[in-house]
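A quick write-up on the structure given underneath.
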Amino acid sequence: MRTTAGALVSLLLVVALVVVPTGATAARPPQLRAPLASAVTTATGSWAIAAMGHLNDPANTFWELFFRAPGATRWSLVTPPGVADNGGLVAGASSGPFTIGFEPSELLRYSPLAQTTDGGAHWTPALLPTALATAPDALAYEPAAPGAPGRALALVRSGRVLASTASLATWVPLVSASALNAAGTRSCGVNSVDALALGPDDLPLVGTSCRRAGQVGVFTQTGGLWQSTGPTLGGALSGSATRVLRLAVADSLTAGLAAASGRGGTSLVAVWRPVGGSWTVSAPLRLGAHAALLSTGVGADGTLVVLFGSPGRTPAPAVISRGGSWTRLPTPPAGAVTLAPMSDGSVDSFAVTGSELRVYTLAQGSNTWDRSQSLAVPIVYGSSS
Amino acid sequence: MGRSPQSGNSVVVSAFHTALIHQFLLLLLIAAVLAIAFNVVRTIQYRRLEAVGRTTFPTTQTWPYPEPAARRILRIGFGLIWVLDGLLQLQASMPLGLPSGVIQPAAASSPQWVQHLVNSGVSIWSNHPVQAAAATVWIQVGLGIWLLVAPRGRWSRSAGLASAGWGLVVWIFGEAFGAIFAPGLTWLFGAPGAVLFYCVAGLLLALPDRAFSTPRLGRIVLACNGAFFLGTAVLQAWPGRGFWEGRIHASSHVGTLTGMVQQMARTPQPGFLSSWVAAFAAFDAAHGWAVNLVIVVALATVGIALCTGRRRFVFPALLGALVVCLADWVLVEDLGFLGGVGTDPNSMVPMALLLVAGYVAMVRLPVPVDAPTPVPEATETALTERRWWERVTPSYALRTVAALGAVAVVLVGTAPMAMAAINPNADPILSEALDGTPNALDSPAPQFQLIDQRGDEVSLANLRGQAVVLTFLDPVCTSDCPLIAQELRQADQRLGARARDVNFVAIVANPIYRSVSFTRAFDRQEYLNHVANWYYLTGSVSQLQKVWNSYGVLVGTVPAGSMIAHSDLAFVIDPQGRERDVLDDDSEPTNAFASSFSSLLLDRIDQVLHS
């Protein structure tokens, strides 16, 4: 009898050790995902992606790319031609060329890419031989530079990360969630890869969801080995599982946006790390019980802007600057689909009605959104069916 | 993509009418042959009778009873219903409208295995819409005539059995088991399926006459109906199924019955009927609970009374049931057959017939007829030993010939239906319905020299000596091009050994995404990368533009996230390098359409190879 009880206890212990990573509590990563509606500002300009058309009809929902050059006051429609983009667009911003990936839709099973070096005036086609994952940071690109050959990363729907040279000609597998776990990075308990970025010297940065409470999953590959470099959450979020929603590198600063879910619900935290420095973690921004992210934007200086909302409620925007705390912004005018943080500290809101785009600007320190631009986008309905 | 031919498509309707006329002419021929045969038999009979000194035909058939009244009700009633159902199948919308308008909606809420089973029937119909629709007309008209005209005995019982068999096919594949496996099952809307009553009637007709000689059969029929009514009363009373509500919480949402009746009121029908149905919908919306209470009480009362088997209870119950059936048929089922793709008068008429026949079988037993006046020298033994010409009456002979004709009508339907069932490839008519018939050409095909997916140069001149199917595909197209590629792949597979005489060539129809890496990716996506006679060609924009222009293919860049717009054309080029056909191939994303286009293409290829 005593032997049986002992065996049972041992079995339970073994099960507990296998299931729960050492010294941590396992948790379920947040369901919250970053939408494709997004914006990014780099030294070469600001890019914004917005869904337009008949948004309740996938075949007549068209994703549009807008560009605003540094110092310019108006956005231009620069959606690359030649491919139906009803599945969505994914931006790969860099210090040089801007790369866009097409989410395959309907019967297409792979992702065409397009790259521009002149703000979207001309595009060069390229190919990813499989389907891009549906995440705003599923694509990362850095051009060749002295001492660095340039590199591209793509997160694909199978959950793997593929890598290519800057020519985008040949893609090879780089890593996956299971490979990260197998590489001894169990401190996170990687559930899925969710965001990519390329750091200085073309070092890949991989943002993941973590089952281990309190750990933000950011990994980098140095010397051929993958290492966890993400920050640890403290305080009320120490028991939360996390998912990296955005990851961007600009001017040697890594900026990230993560969701943390625990007993208190789901929160957003912003994280920053300068090259060679340590992570700064923001205070959490609590979301409503059924809130979803509607848009995210990353500024050149690490500013993050989000638009979130619950079904039936007015969307709410918030912004956070590097090292600061979340600031709620005034509710943007109706139809807001994408928010873009601009270099001058203002925020642009893209409001859409069918094929009409209206841009509203919230100047830094202002409490009112001012209409700054209107644009009729020449959508051809029915062209994708 | 997504352009389905409408159910009234003129190409299909015209082909349907042509098929019906051809089959009708065939039936006229069969009728003529049978008429001649009848007269030959009559002549032989008369001569043989004359040889034994008789100058008149026999006048009485030797049946111990007249046909039982209940049996006659079933036979004539269901015979007429089958004829009506057959005539309803003549509606122009049947070939294309039946699967999407009747069969699939009937199965939509049933479990997966039911849908799977029903879809196997749908795919037969969808692949061969004209054949199947015409076949159904003749099968059902033939069954009806067979029931109506067949003389008693084996001919008539066989008609009952055939009726039950075809009824079962229709009940399973056409009515998805009368939706008995779907939630929301209710007698009011036709559960357990009108055709199930046809099956029951057919089985009763297949019974020997002696089954009708006692009240037992009638009692069994009524008791089964009673149990059925009780079951439907329970279902109707079950809470949470939406029948107790007329309007839900004063909102715009309505209860199940109101919703259904409102829907029926919107179908095309005479104005007076529509207003009756709409008025009942409004009444039910206002008094849903009371209406359902009346229905539940009526069904339960009728059910209990029928189960007793006692005449004094059964008769009023029968009258009550007929009233309820009539009310439901008019106000809820809306007569069942209006609206363009109505296939039968729904369940109330056959159910009422079955109830009446059951009652008659219980109360009106056949009375033995007086023994026929014996011919002077005949004894009982002699009677049974009489030769056929001594006992077959002209009426029996005529009905036998008529029954043979009816069987011929059924066979005229069954044969093409069986052929359709075993042919997995769709008829070209679907493709022609959507894209029109191929245009015949006879001119030298414009030359081209481009790079294939392997990086090799390919020219039309290299392919001389073999037929070429040439089309234009965008490698990053999301809709039509992958479908066209699959149609070509299917045609190639169906060519079998003849594929060595044919090359399938696609030329890139995208001025931007046109590199070999894209043609390879497209080939991998469409499983064309190992097809030996498949060439996906590309080149510089100017090279491509020249080929597009020479073949009259328009390729245009559309802004704001649209794919490239280009003509969907396929050219059939003969081994001598001459264009012979151009086919429009604006595809529809269904297996039936893909199969249909490949059938059409194969027809054209065969002509080119054999000319």
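The values are calculated or read from the model by the stated rules, or taken from the named source; none is laboratory data. This structure is a prediction, so every number in the text was calculated from the model and none was measured. Quick reminder, even Gly has a Cβ in these numbers, built from the backbone with ideal geometry, and neighbours come from all protein chains shown.
For residues that are at pLDDT 90 or above and over 19 Å from residue A:275 (Cα atoms), tally how many sit in segment A:196-213.
The total comes to 3.
Is one or more of the residues making up segment B:53-72 surrounded by 15 or more Cβ atoms within 10 Å (Cβ to Cβ) and more than 30 Å from residue B:365 (Cα to Cα)?
Among the residues of segment B:53-72, at least one is surrounded by 15 or more Cβ atoms within 10 Å (Cβ to Cβ) and more than 30 Å from residue B:365 (Cα to Cα), which makes the answer yes.
For segment A:96-114, enumerate the residues that are at the interface with chain B (Cβ under 9 Å from one of its Cβ atoms), in a loop (DSSP other than H, G, I, E, B) and touching a strand residue (DSSP E or B) at 6+ places or on another chain (Cβ under 7 Å).
Across segment A:96-114, the qualifying residues are A:104, A:110.
Just checking, which of A:93, A:144 is more than 12 Å from every other protein chain (Cβ to nearest Cβ), buried (at least 22 other Cβ atoms within 10 Å of the Cβ) and either in contact with a Gly (Cβ under 6 Å, 6 or more places away or on another chain) or more than 18 Å from residue B:514 (Cα to Cα) (or both)? First the steps, then the outcome.
Working: A:144 fails: buried (at least 22 other Cβ atoms within 10 Å of the Cβ).
Unique residue meeting the criteria: A:93.
Here are the criteria: (1) part of a loop (DSSP other than H, G, I, E, B); (2) over 28 Å from the mean Cα position of the chain (by Cα); (3) of a type in the set (A, V, I, L, M). Tell me which single one residue B:40 does not satisfy.
Only one criterion in (1) part of a loop (DSSP other than H, G, I, E, B); (2) over 28 Å from the mean Cα position of the chain (by Cα); (3) of a type in the set (A, V, I, L, M) is unmet by residue B:40, namely (1).
Out of all the residues in segment B:585-611, which are modelled with pLDDT under 85 and of a type outside the set (Val, Ile, Thr)?
First, the residues of segment B:585-611 that are modelled with pLDDT under 85: B:585-594, B:610-611.
Result: B:585, B:586, B:587, B:588, B:589, B:591, B:592, B:593, B:594, B:610, B:611.
Residue B:537 versus (1) farther than 30 Å from residue B:424 by Cα; (2) out of contact with any strand residue (DSSP E or B) (no Cβ under 9 Å at 6 or more places or on another chain); (3) crowded, with 17+ Cβ neighbours inside 10 Å: which is the lone unmet condition?
(2)
Here is a check on your reading of the model: is residue B:531 outside any helix (DSSP H, G or I), surrounded by fewer than 21 Cβ atoms within 10 Å (Cβ to Cβ), in contact with a helix residue (DSSP H, G or I) (Cβ under 8 Å, 6 or more places away or on another chain) and among the aliphatic types (A, V, I, L, M)? Full working, then the answer.
On the way: outside any helix (DSSP H, G or I): yes; surrounded by fewer than 21 Cβ atoms within 10 Å (Cβ to Cβ): yes; in contact with a helix residue (DSSP H, G or I) (Cβ under 8 Å, 6 or more places away or on another chain): yes; among the aliphatic types (A, V, I, L, M): yes.
So residue B:531 passes the test.
Does segment B:38-89 hold any residues that are touching a Lys or Arg at 6+ places or on another chain (Cβ under 7 Å) and either over 18 Å from residue B:221 (Cβ atoms) or of a type in the set (D, E, K, R) (or both), and which are they?
Within segment B:38-89, B:58, B:62, B:63, B:67 qualify.
Tally the residues that are part of a loop (DSSP other than H, G, I, E, B) and within 14 Å of chain A (Cβ to nearest Cβ), restricting the search to segment B:453-501.
Going through segment B:453-501, the residues part of a loop (DSSP other than H, G, I, E, B) turn out to be B:453-456, B:460, B:464-466, B:474-479.
Retained after the next criterion (residues that are within 14 Å of chain A (Cβ to nearest Cβ)): B:453, B:474-479.
Matching residues across segment B:453-501 total 7.
Of the numbered conditions (1) within 17 Å of residue A:137 (Cα to Cα); (2) in contact (Cβ under 8 Å) with a residue 40 or more places away in the chain; (3) not hydroxyl-bearing (Ser, Thr, Tyr), residue A:203 satisfies every one except a single condition; which is it?
Answer for residue A:203: the failing condition is (2).
Being in a helix (DSSP H, G or I) and surrounded by 21 or more Cβ atoms within 10 Å (Cβ to Cβ) is the filter here; which residues of segment B:421-433 pass it? Break it down stepwise before answering.
Looking only at segment B:421-433, we keep the residues that are in a helix (DSSP H, G or I), and these are B:421-422, B:429-433.
B:429, B:430, B:431, B:432, B:433, listed by residue number.
Just wondering, is there one or more residues in segment A:127-135 that are in a loop (DSSP other than H, G, I, E, B), more than 11 Å from chain B (Cβ to nearest Cβ) and either of a type outside the set (Val, Ile, Thr) or over 30 Å from residue B:589 (Cβ atoms) (or both)? Explain how you work it out, then say what you get.
Keep residues of segment A:127-135 that are in a loop (DSSP other than H, G, I, E, B), which gives A:129-131, A:133-135.
Now narrow it down to the ones that are more than 11 Å from chain B (Cβ to nearest Cβ): A:133-135.
Of the ones still in play, those that are also either of a type outside the set (Val, Ile, Thr) or over 30 Å from residue B:589 (Cβ atoms) (or both) are A:133, A:135.
There is at least one residue in segment A:127-135 that is in a loop (DSSP other than H, G, I, E, B), more than 11 Å from chain B (Cβ to nearest Cβ) and either of a type outside the set (Val, Ile, Thr) or over 30 Å from residue B:589 (Cβ atoms) (or both).
Give segment B:502-511 a look and list any residue that's crowded, with 21+ Cβ neighbours inside 10 Å and within 14 Å of chain A (Cβ to nearest Cβ), or say none.
Step one: of segment B:502-511, the residues crowded, with 21+ Cβ neighbours inside 10 Å are B:502-510.
Those that are crowded, with 21+ Cβ neighbours inside 10 Å and within 14 Å of chain A (Cβ to nearest Cβ): B:508, B:509, B:510.
Residues in segment B:464-480: is at least one on the phi > 0 side of the Ramachandran plot and in contact (Cβ under 8 Å) with a residue 12 or more places away in the chain?
Filtering segment B:464-480 down to residues on the phi > 0 side of the Ramachandran plot leaves B:465.
Narrowing the set further to residues that are in contact (Cβ under 8 Å) with a residue 12 or more places away in the chain leaves B:465.
Checked segment B:464-480: at least one residue is on the phi > 0 side of the Ramachandran plot and in contact (Cβ under 8 Å) with a residue 12 or more places away in the chain.
Give the number of residues within segment A:71-90 that are within 7 Å of chain B (Cβ to nearest Cβ), surrounded by 24 or more Cβ atoms within 10 Å (Cβ to Cβ) and out of contact with any Phe, Trp or Tyr (no Cβ under 7 Å at 6 or more places or on another chain).
Selection size over segment A:71-90: 2.
Working carefully through the options B:36, B:44, find the one that is among the aliphatic types (A, V, I, L, M), free of Cβ contacts under 8 Å to residues at least 12 places away in the same chain, exposed (fewer than 14 other Cβ atoms within 10 Å of the Cβ) and away from chain A (no Cβ under 14 Å).
Numbers: B:44 fails: free of Cβ contacts under 8 Å to residues at least 12 places away in the same chain.
Result: B:36 is the single residue among B:36, B:44 that is among the aliphatic types (A, V, I, L, M), free of Cβ contacts under 8 Å to residues at least 12 places away in the same chain, exposed (fewer than 14 other Cβ atoms within 10 Å of the Cβ) and away from chain A (no Cβ under 14 Å).
Within segment B:191-248, which residues are touching a Pro at 6+ places or on another chain (Cβ under 8 Å), among the hydroxyl-bearing types (Ser, Thr, Tyr) and at pLDDT below 95?
B:213
Which residue out of A:352, A:359 is surrounded by 20 or more Cβ atoms within 10 Å (Cβ to Cβ), within 14 Å of another protein chain (Cβ to nearest Cβ), closer than 30 Å to residue B:557 by Cα and of a type outside the set (S, T, N, Q)?
Details: A:359 fails: within 14 Å of another protein chain (Cβ to nearest Cβ).
Matching residue, one of A:352, A:359: A:352.
Which pairs turn up if I take residues in segment B:548-572 that are within 14 Å of another protein chain (Cβ to nearest Cβ) and closer than 12 Å to residue B:509 by Cα and look for partners that are aliphatic (A, V, I, L, M) and outside any loop (DSSP other than H, G, I, E, B) with beta carbon separation below 6 Å, at least 6 apart in sequence or on another chain?
Going by the 6 Å Cβ cut-off, the qualifying pairs are B:556/B:565; B:566/B:555.
Filter segment B:550-576 down to residues that are assigned to a loop (DSSP other than H, G, I, E, B) and among the hydroxyl-bearing types (Ser, Thr, Tyr) and give me whichever is surrounded by the most Cβ atoms within 10 Å (Cβ to Cβ). Step through it out loud before you land on a result.
At the first step, the residues of segment B:550-576 found to be assigned to a loop (DSSP other than H, G, I, E, B) are B:551-554, B:557-562, B:564, B:567-568, B:574-576.
Going one step further and asking which of them are among the hydroxyl-bearing types (Ser, Thr, Tyr), we end up with B:551, B:557, B:562, B:567.
Numbers: B:551: 19, B:557: 13, B:562: 24, B:567: 17.
Ranking the candidates gives B:562 first.
If you scan segment A:317-336, which residues turn out to be in contact with a strand residue (DSSP E or B) (Cβ under 6 Å, 6 or more places away or on another chain) and of a type outside the set (Lys, Arg)? Outline the logic, then answer.
Looking only at segment A:317-336, we keep the residues that are in contact with a strand residue (DSSP E or B) (Cβ under 6 Å, 6 or more places away or on another chain), and these are A:317-320, A:322-323, A:326-329, A:332-333, A:335-336.
Passing the criteria: A:317, A:318, A:319, A:320, A:323, A:326, A:327, A:329, A:332, A:333, A:335, A:336.
Just name the residue that is nearest to the other protein chains (Cβ to nearest Cβ) out of those in segment A:53-70 that are of a type in the set (A, V, I, L, M, F, W, C) and out of contact with any Ser or Thr (no Cβ under 6 Å at 6 or more places or on another chain). Quick ask: steps written out before the conclusion?
Within segment A:53-70, the subset of a type in the set (A, V, I, L, M, F, W, C) is A:55, A:59, A:62-63, A:65-67, A:69.
Okay, now just the ones that are also out of contact with any Ser or Thr (no Cβ under 6 Å at 6 or more places or on another chain), so A:62-63, A:66, A:69.
Numbers: A:62: 4, A:63: 6, A:66: 11, A:69: 20 Å.
Within segment A:53-70, the match that is nearest to the other protein chains (Cβ to nearest Cβ) is A:62.
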